[in-house]
Amino acid sequence: MTPAQHVVAWLTDAKRVLFITGAGLSAESGLPTYRGVGGLYEDAQTPEGVTIEQALSGGMLRRDPALCWKYIAQIEKACRGAMPNRAHGLIAAFQDRVETWVLTQNVDGFHGQAGSRNVIPIHGDVHELYCPACGWEDRVHDYADLEFPPHCPRCQSIIRPRVVLFGEMLPPAAVSRLSEQLQRGFDLVFTVGTSSGFSYIAQPVLMAASQGIPTVEINPGKTPVSHLVMQRFACGAVEALESISSAWDASLRRPPIT
Ligand code: NAD
Ligand code: ZN
């Protein structure tokens with residue numbers, strides 16, 4: 001059996017599947033991964049003399065909103081004009097055959113755009129803006145019309161995106177949705193395009209592995225969970241998901257997903 005056929009055998013038996021995704025999934029949409037965002041994360045220091053983690057922190061947004069917004073805007077600019085890729089589409093198509101959940105660290109909103117319904121965007125979405133002072137909120141297509149730092153149209157306070165900045169807590173609603181779904185359990189866990197640096201991202205893979213539940217990693221590079229997974233695809237997300245999807249079609253003798 002090929003690696004893809006192994007995965008198809010697990011998919012065939014599975015009732016609930018979890019995809020954990022990170023910046024690598026959107027790399028083939030042209031979005032830079034974390035360390036590539038305008039080269040920001042290559043350097044320890046920003047030109048302003050603070051680290052990027054300090055610049056993109058909740059504390060900095062309060063102390064120096066213009067500085068923090070400069071780097072938030074760079075992240076949004078990296079998403080601008082880009083589209084979900086075939087890998088987002090194939091993950092969305094999985095839900096027609098098996099209950100599929102997506103836990104993503106990406107703030108680009110691509111899973112929803114590609115049609116995935118059960119998405120837990122644990123770090124938020126850069127396109128959702130709100131005012132912490134008065135509760136005003138809006139969903140924007142991009143930041144092209146914003147002046148930085150942007151002000152609330154209702155009360156003139158500085159607004160912010162609904163994303164998790166460094167030093168901030170994860171959104172409670174997303175956390176409880178995730179723990180609810182983890183408690184219900186998954187029969188197969190994929191981890192795609194993430195360096196698995198956060199414990200809540202690595203944890204579902206560790207839990208599944210310790211319980212003998214099949215796990216699959218798709219990543220051209222090695223990560224802290226690579227040695228634990230049952231099947232590894234050391235290639236890009238599109239190539240790996242295409243091969244799994246074709247093998248699944250073949251096993252069902254159905255026409256391919258278009
Ligand atoms: P990361 O940059 O730390 O890791 C990216 C991983 O993707 C690496 O392990 C790399 O080997 C892998 N990769 C590269 N190309 C790939 C491909 N074509 N297919 C599959 N894998 C590929 O990203 P992370 O683990 O998501 O964590 C970084 C943080 O950055 C998160 O907090 C996230 O919110 C934020 N972020 C989001 C976006 C986005 O929304 N698209 C982009 C950059 C960063
Ligand atoms: Zn306001």
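If I filter the range 198-221 down to residues being within 16 Å of ligand 1 (Cβ to nearest atom) and free of Cβ contacts under 8 Å to residues at least 12 places away in the same chain, which single residue comes out as surrounded by the most Cβ atoms within 10 Å (Cβ to Cβ)?
Looking at the filtered set, the residue picked out is Gln203.
Anything in the range 92-108 that is within 13 Å of ligand 1 (Cβ to nearest atom) and charged (D, E, K, R)? List them, or say none.
Hit for the range 92-108 is Asp108, nothing else.
Among the residues of the range 99-108, is any more than 16 Å from ligand 2 (Cβ to nearest atom), open to solvent by 40 Å² or more (accessible area, probe 1.4 Å) and under 30 Å from Ala9 (Cβ atoms)?
Yes, the range 99-108 contains a residue that is more than 16 Å from ligand 2 (Cβ to nearest atom), open to solvent by 40 Å² or more (accessible area, probe 1.4 Å) and under 30 Å from Ala9 (Cβ atoms).
Which condition breaks for Gln203 when tested against (1) outside any helix (DSSP H, G or I); (2) polar (S, T, N, Q); (3) under 24 Å from Tyr34 (Cβ atoms)?
(1)
Go through the range 50-88 and give me each residue that's of a type in the set (Gly, Ala, Ser), in contact (Cβ under 8 Å) with a residue 60 or more places away in the chain and assigned to a helix (DSSP H, G or I).
Hits for the range 50-88 are Gly58, Gly59, Ala66, Ala73, Ala87.
Restricting to the range 133-186, what's the tally of residues that are within 16 Å of ligand 1 (Cβ to nearest atom), in a loop (DSSP other than H, G, I, E, B) and out of contact with any helix residue (DSSP H, G or I) (no Cβ under 6 Å at 6 or more places or on another chain)?
The qualifying residues number 7.
Name the residue, out of Leu228, Leu241, that is over 17 Å from Arg16 (Cα atoms), surrounded by 15 or more Cβ atoms within 10 Å (Cβ to Cβ) and touching a Lys or Arg at 6+ places or on another chain (Cβ under 8 Å).
Leu241
Those residues that are buried (at least 18 other Cβ atoms within 10 Å of the Cβ) and among the hydroxyl-bearing types (Ser, Thr, Tyr), I need them from the range 179-197; list them, please.
Of everything in the range 179-197, those that are buried (at least 18 other Cβ atoms within 10 Å of the Cβ) and among the hydroxyl-bearing types (Ser, Thr, Tyr) turn out to be Thr191, Thr194, Ser195, Ser196.
Output yes when any residue across the range 145-161 is β-branched (Val, Ile, Thr) and touching a residue at least 40 places away in the same chain (Cβ under 8 Å), and no when none is.
Yes, the conditions are met somewhere in the range 145-161.
Can you tell me which residue within the range 109-132, out of those that are surrounded by 22 or more Cβ atoms within 10 Å (Cβ to Cβ) and in a helix (DSSP H, G or I), is nearest to ligand 1 (Cβ to nearest atom)?
Phe110
State yes or no: is Ala144 of a type outside the set (Lys, Arg), closer than 30 Å to Ala66 by Cβ, assigned by TED's automatic domain parsing to the domain that holds Ile218 and more than 14 Å from the chain's Cα centre (by Cα)?
Taking the combined requirement at face value, the residue does not satisfy it.
The values are calculated or read from the model by the stated rules, or taken from the named source; none is laboratory data. Given the structure is predicted, the values throughout are model-derived calculations rather than measurements. Counting neighbours? That spans all protein chains shown, and the Cβs are built from the backbone with ideal geometry, glycine included. Note: accessible area is taken over every heavy atom of the protein model, side chains too, but ligands, DNA and RNA are not part of it. Shrake-Rupley method; radii C 1.70, N 1.55, O 1.52, S 1.80 Å.
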